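Below is one structure, written out as structure tokens; the observations come after it.
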Amino acid sequence: MTALALKDLCKAFGGLQVTRNVNLSVEPGERRLIIGPNGAGKTTLFNQITGDLKPSSGSIHVFGRDITRIASRQRAHIGIARTYQIITLFARDTLLRNVMLALLGLSPLRWNPFVDLERQEHLRERAKAALARVGLADIAERRLSETSYGERRRVEIAMALAQEPKLLLLDEPFAGLSADERRDVRGLLAGIPREVTIIMIEHDMDVALDLADRITLLHFGEVIVEGTRAEVVEDPRTREVYLGA
Amino acid sequence: MTLWLTLGVNSLALGGLLFLLSAGFSLIFGLMRIPNLMHGSFFMLGAYLGATFLAKGMNFWLAAFASAAAMVVIGGAIERLLLRRLAGQELAQVLLTLGLSFIVADLCLMIWTGDPIQPPTPPQLQGVLQAFGMFFPLYRVAVVGIAVAVAIALWVMIDRTRLGAMIRAGVDDAPIARVMGIRVSQLFTLIFCLGAGLAAFAGVMGAPYLSVYPGLDADMLPLALIVVILGGTGSLLGALVGSFIIGFLYNFGQAMFPDLAYVILFLPMLLVLVLRPQGLFGRVVP
Amino acid sequence: MTAALQRAAIVLALFVLATVPVWVANPYYVNIASQILFWAIFALALNVLIGYAGLVSLGHAGLFGMAGYTAGLLLAAGYGHWLAIPAALVATVATAAIFAVLSLRATGIGFLMITLALGQILWGIAYRWASLTNGDNGVNVGSRPAPFGFSLAGASSFYYATLVVFLLCLVSMLLFVRSPFGAALRGTRDQPRRMNTLGYNVWLCRFLAFLFSGVWTATAGLLFLYYNQFVSPQIVALQTSAEALLMVISGGTATLLGPIAGAAIVVVMKNVVSAYVERWNLVLGVIFVAIISFMPEGLVPGCVRLARTGYRAARGGRARPALSAPTEAGR
């Protein structure tokens with residue numbers, strides 16, 4: 001059973017075809033990198049997997065289950081977590097509160113209007129552990145607005161991991177980070193256990209390439225090349241896509 | 001039979017008035033993305049000013065234009081001095097217009113007191129028009145004619161002139177229009193003034209027919225709101241069609257179900273909101 | 001503010017509130033205190049949507065009036081308070097549910113316009129459907145309820161009843177603000193898309209918040225009805241929604257103290273101003289425009305901010321943190 005299977009996935013906005021017959025298969029525990037020039041439709045593909053966009057045709061299966069019609073808010077509950085290109089976290093809240101909100105999203109407690117959230121010790125402990133995993137435990141009580149961009153990126157990853165996803169989608173996790181910050185995040189990602197299948201979109205080849213088991217090259221919404229790092233790098237079509245036909 | 005005919009003519013006339021009121025509202029909403037909650041105030045203040053000019057002996061048409069001109073000035077001042085300070089904060093701008101509507105309502109009450117004023121129809125338009133073997137009140141017909149003339153003029157401006165092209169660009173995508181060099185904030189002022197002036201003109205047109213009284217603003221604003229939601233924001237055709245639909249609904253509703261007439265007006269609006277939020281002619285609401 | 005100091009402040013405030021009829025001799029002022037309390041309930045209810053859900057409603061007077069009219073009409077028809085009160089609450093919450101389903105199809109300005117229109121529909125019914133609602137003449141209510149035999153006819157006794165309800169509301173709000181649901185709602189205000197991705201049902205959160213707001217708006221409407229023993233279309237008008245909105249934004253939306261302070265400010269001003277000037281609408285409008293233009297975060301936070309900078313300047317740069325509302329929780 002594959003972790004993710006996209007079959008003949010198509011998406012069109014009016015006359016513009018942004019996803020063309022994409023067939024993709026990711027094995028459990030795999031680290032897949034999706035690359036392609038700007039406008040290739042990488043984020044649009046992610047949006048269809050998370051349910052933010054509805055595909056025009058085709059199907060999406062996650063661990064054997066057809067999720068094409070399932071609402072996006074349900075997908076977190078079946079084990080899909082995602083980070084965004086632009087960081088959209090809760091600026092006025094503390095790091096701890098940000099992670100607690102991520103944990104709460106999957107908990108029936110989120111409908112409870114009576115108990116005090118701050119007193120939910122089990123939630124706090126899990127949130128602290130999640131922050132510790134990304135090396136931010138000592139600033140857990142700091143407001144998000146008072147942290148650096150790199151720290152926020154790590155909080156986002158902490159939030160995604162806190163939900164114990166089976167499938168983790170990372171949309172340009174290294175964007176906007178300094179060299180040191182990239183090294184930190186790279187180490188973080190490398191340390192994620194193989195229970196979690198990771199699919200990553202990235203532009204920065206240097207850091208991403210060696211994290212990946214397999215690479216898929218997307219161009220104008222179509223899969224052009226797919227294979228191991230060596231295969232993709234040597235394929236003449238890769239050069240074509242990046243240097244122009 | 002004559003009852004239905006009279007209702008029909010009255011509906012057309014009301015529809016015409018509503019178009020004059022709603023066209024401005026629709027343009028302001030389309031371009032500036034705000035429902036101008038003082039649009040009813042412009043209508044009422046315009047009507048009061050017009051009535052005062054008429055009482056001083058001014059010619060009807062002169063009074064209408066003078067009132068519209070005054071409202072253009074007032075609208076311009078409000079846009080530049082108050083609304084512009086809140087550029088980008090649409091919600092705050094809407095609440096600002098709400099606050100201003102209260103101020104205008106009370107000022108009108110202070111200046112003109114609570115008694116309704118009903119100026120006479122202009123002498124040239126008193127009397128009836130005979131057509132198809134029936135009699136139509138001349139003034140009501142004239143109002144419809146004027147509304148159609150204004151609609152054509154607006155359409156020509158929006159569709160055929162460079163200014164209109166800029167307005168359409170602003171309605172489509174204001175930030176991109178700005179990047180392309182279009183002075184969007186100047187367009188904002190222009191459209192706000194135009195809307196205010198049209199509303200005032202409509203107020204004077206309507207005065208012999210609806211009279212002018214405290215609360216007129218609160219009566220007219222929801223109608224403009226309904227017309228624009230029904231017809232689609234930023235669409236002149238939508239404002240035209242919506243105005244006549246509401247004109248008919250209002251008059252026939254009043255005649256047949258007086259208790260529920262007000263509610264009946266809102267039903268098509270609710271239906272549209274539920275089934276087709278962009279209105280009959282608009283594009284998707286932002 | 002330390003926890004001990006906060007607790008002391010709360011005890012003091014409770015003591016002051018509980019003894020108002022004692023140190024305020026004149027029943028006129030006791031009545032004003034009652035008004036402040038039930039308008040504060042209305043403002044708190046509205047702030048659930050505005051401050052915590054991030055949805056500005058201009059139609060809440062519709063819900064307020066729904067409660068007043070449902071109870072008023074039942075009482076005028078001869079039914080007892082034991083029926084009128086629950087009926088009003090149920091009817092208003094049902095109306096709130098309808099409002100929510102229709103208005104939550106949009107957010108921001110779309111939401112505002114739909115709630116405005118819905119409020120206007122209810123006003124139209126109150127004003128024009130005279131055979132049902134008695135139109136402009138309004139509905140008179142003969143008596144106030146007498147819970148457990150205590151008469152609420154006098155100013156002091158009505159004040160105490162209102163105070164009890166107000167404190168219940170305050171506790172309810174405190175629980176809500178600190179609860180996981182309250183945190184989820186604020187999350188949907190700040191980052192709805194992110195909340196969706198995290199697994200929350202954003203629409204349902206907002207819907208339930210609307211119902212919660214409806215319950216307390218209905219309660220405020222009932223208190224209003226019993227206070228005046230009269231209800232008229234005036235109370236369902238846009239102006240009432242605007243006044244409630246003014247209370248919320250003048251006090252500030254970020255805390256529980258804000259709407260309460262805002263209600264106090266508006267009620268006192270309305271009563272004081274009405275004594276000198278006939279034109280309350282004009283003053284309301286001017287204050288509205290001023291606050292939105294110059295102090296959008298609210299009068300109370302704005303003044304706190306100014307006081308803080310002034311205090312800091314006076315002390316030569318080393319200031320202690322300013323007093324924060326004791327009920328600001330969970331951020």
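The values are calculated or read from the model by the stated rules, or taken from the named source; none is laboratory data. Here the structure is a predicted model, which is why all the values come from computation and not from measurement. Here Cβ is always computed from backbone atoms with ideal geometry, including for glycine, and neighbour counts include all displayed protein chains.
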Next item on the list: Given the conditions (1) among the acidic types (D, E); (2) in contact (Cβ under 8 Å) with a residue 60 or more places away in the chain; (3) surrounded by fewer than 20 Cβ atoms within 10 Å (Cβ to Cβ), report the number of the one that A:D184 does not fulfil.
Entry: (2)
Next item on the list: Determine if the stretch C:80-98 includes at least one residue that is without any contact (Cβ under 8 Å) to a residue 40 or more places away in the chain, farther than 24 Å from C:N31 by Cβ and within 11 Å of chain B (Cβ to nearest Cβ).
Entry: yes
Notebook entry, point to check: Which residues, taken from the stretch A:102-159, are buried (at least 21 other Cβ atoms within 10 Å of the Cβ) and within 17 Å of A:E181 (Cβ to Cβ)?
Noted result: A:L131, A:V134, A:L136, A:R153, A:R154, A:V155, A:E156, A:I157, A:A158
Next item on the list: Only one of these is surrounded by 18 or more Cβ atoms within 10 Å (Cβ to Cβ) and either aromatic (F, W, Y) or within 14 Å of chain B (Cβ to nearest Cβ) (or both): C:A106, C:A71. Name it.
Entry: C:A106
Notebook entry, point to check: Is at least one residue of the stretch C:292-306 at pLDDT 90 or above and not in a helix (DSSP H, G or I)?
Noted result: no
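Give the residue that is farthest from the other protein chains (Cβ to nearest Cβ), with candidates limited to residues of the stretch C:190-201 that are surrounded by fewer than 22 Cβ atoms within 10 Å (Cβ to Cβ) and in a helix (DSSP H, G or I).
C:P192
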Check: Do we find that C:L112 is within 12 Å of chain B (Cβ to nearest Cβ) and either crowded, with 18+ Cβ neighbours inside 10 Å or in a helix (DSSP H, G or I) (or both) in this structure?
Finding: yes
Next item on the list: Determine whether A:V185 is in contact with a Gly (Cβ under 8 Å, 6 or more places away or on another chain), part of a helix (DSSP H, G or I) and not charged (D, E, K, R).
Entry: yes
Margin query: Out of the residues in the stretch C:211-228 meeting the condition of being over 13 Å from the mean Cα position of the chain (by Cα) and hydrophobic (A, V, I, L, M, F, W, C), tell me which one is surrounded by the fewest Cβ atoms within 10 Å (Cβ to Cβ).
Written below: C:L211
Notebook entry, point to check: Between residues in the stretch C:235-264 that are within 14 Å of chain B (Cβ to nearest Cβ) and residues that are of a type in the set (D, E), which pairs lie under 9 Å by C-beta distance while being six or more apart or on different chains?
Noted result: C:I249/C:E297; C:T253/C:E297
Next item on the list: Only one of these is within 11 Å of chain C (Cβ to nearest Cβ) and not hydrophobic (A, V, I, L, M, F, W, C): B:G215, B:G195. Name it.
Entry: B:G215
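Rundown of residues vs (1) outside any strand (DSSP E or B); (2) among the hydrophobic types (A, V, I, L, M, F, W, C), yes/no style:
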{"site": "A:A12", "(1), (2)": "no, yes"}
{"site": "A:V18", "(1), (2)": "no, yes"}
{"site": "A:N23", "(1), (2)": "no, no"}
{"site": "A:P37", "(1), (2)": "yes, no"}
{"site": "A:I49", "(1), (2)": "yes, yes"}
{"site": "A:K54", "(1), (2)": "yes, no"}
{"site": "A:R82", "(1), (2)": "no, no"}
{"site": "A:Q85", "(1), (2)": "yes, no"}
{"site": "A:A91", "(1), (2)": "yes, yes"}
Margin query: at pLDDT 90 or above and either more than 10 Å from every other protein chain (Cβ to nearest Cβ) or not in a helix (DSSP H, G or I) (or both): is that true of B:T121 in this structure?
Written below: no
Next item on the list: Sort through C:V171, C:V177 and tell me the only one that's within 29 Å of C:R105 (Cα to Cα), assigned to a helix (DSSP H, G or I), within 14 Å of chain A (Cβ to nearest Cβ) and among the β-branched types (V, I, T).
Entry: C:V177
Notebook entry, point to check: Taking the stated definitions as given, is C:F64 away from chain B (no Cβ under 14 Å), crowded, with 18+ Cβ neighbours inside 10 Å and not basic (K, R)?
Noted result: yes
Check: Among (1) at the interface with another protein chain (Cβ under 9 Å from one of its Cβ atoms); (2) assigned to a helix (DSSP H, G or I); (3) more than 18 Å from the chain's Cα centre (by Cα), which single condition is C:L284 missing?
Finding: (3)
Margin query: Being within 14 Å of chain C (Cβ to nearest Cβ), outside any helix (DSSP H, G or I) and surrounded by fewer than 23 Cβ atoms within 10 Å (Cβ to Cβ) is the requirement here; does B:P258 meet it?
Written below: yes
Note to self: Filter the stretch C:118-132 down to the residues that are surrounded by 21 or more Cβ atoms within 10 Å (Cβ to Cβ) and out of contact with any Phe, Trp or Tyr (no Cβ under 6 Å at 6 or more places or on another chain) and list them by number.
What the structure shows: C:G119, C:Q120, C:L122, C:W123, C:I125, C:A126
Note to self: So, in the stretch B:43-90, exactly how many residues are assigned to a helix (DSSP H, G or I) and under 20 Å from B:M110 (Cα atoms)?
What the structure shows: 17
Next item on the list: For the stretch A:105-135, enumerate the residues that are in a loop (DSSP other than H, G, I, E, B) and touching a Ser or Thr at 6+ places or on another chain (Cβ under 8 Å).
Entry: A:N112, A:P113, A:F114, A:V115, A:D116
Next item on the list: Return yes or no: is A:A76 within 14 Å of chain C (Cβ to nearest Cβ), at negative phi, of a type outside the set (K, R) and crowded, with 22+ Cβ neighbours inside 10 Å?
Entry: yes
